Amino acid sequence: MEFLPKEVLEGLRAAQKREAAKNARLRVLAGGQIWPVLRRFKGGFALDADQVTTLRGHVDLYDGPEHIATCLIVASEIQGRELICTVKRETAVSDRAALDFAREGPRIAGYLPEM
């Protein structure tokens, strides 16, 4: 890649960035703004540093239209062209309230008729 002209190299990088953002299903919602997640790893995720330069606090993580988690970002730093966000806490979102008691016995989904 070193033998390519600077303009061509920048064009390739911009195209790769657009393609990665288009194909990314994971998105971060914070302060009414949405940013695509470039990659996710244990303890955090990476965003495009050209779109956002700092991010801290509570954010919501979406997989397409589905809200999957709330995260607490404690640190963010720019490495290369990415904003690396370090997450202290990630809590999965559930569609029902948490139980404050233990269920007893098996959960029966339905009965089969006798033959």
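Here, each number is a calculation from the coordinates, and none is a lab measurement. As the structure is a prediction and not an experimental result, all values here were calculated from the model. Quick reminder, even Gly has a Cβ in these numbers, built from the backbone with ideal geometry, and neighbours come from all protein chains shown.
Here Lys88 is the anchor, and the aspartates and glutamates within straight C-alpha reach of less than 16 Å, apart from those fewer than 8 places off in the same chain, are Asp60, Glu77. Overall shape of the stretch 64-115 was characterised from the C-alpha gyration tensor. The equivalent ellipsoid obtained from it has semi-axes of 43, 16, 9 Å, in decreasing order. When each of the peptides 9-19, 35-45 is scored by how many other beta carbons lie within 10 Å of its residues on average, the order from highest to lowest is 35-45, 9-19.
Rounded to the nearest angstrom and listed largest first, the equivalent-ellipsoid semi-axes of the chain from its Cα gyration tensor are 41, 19, 11. For the stretch 1-87, a crude dipole built from +1 on the beta carbon of Lys and Arg and -1 on the beta carbon of Asp and Glu, taken about the Cα centre, is about 120 debye to the nearest 20. Listed by chain and number, the aspartates and glutamates placed with their C-alpha closer than 18 angstrom to that of Lys17 are Glu7, Asp48, Asp50, Glu82; residues fewer than eight positions away on the same chain are left out.
Placing a label point 7 Å from the Cα of Thr91 along the Cα-to-Cβ direction, the residues of the stretch 52-79 with a backbone N closer than 20 Å are 56-63, 66-75.
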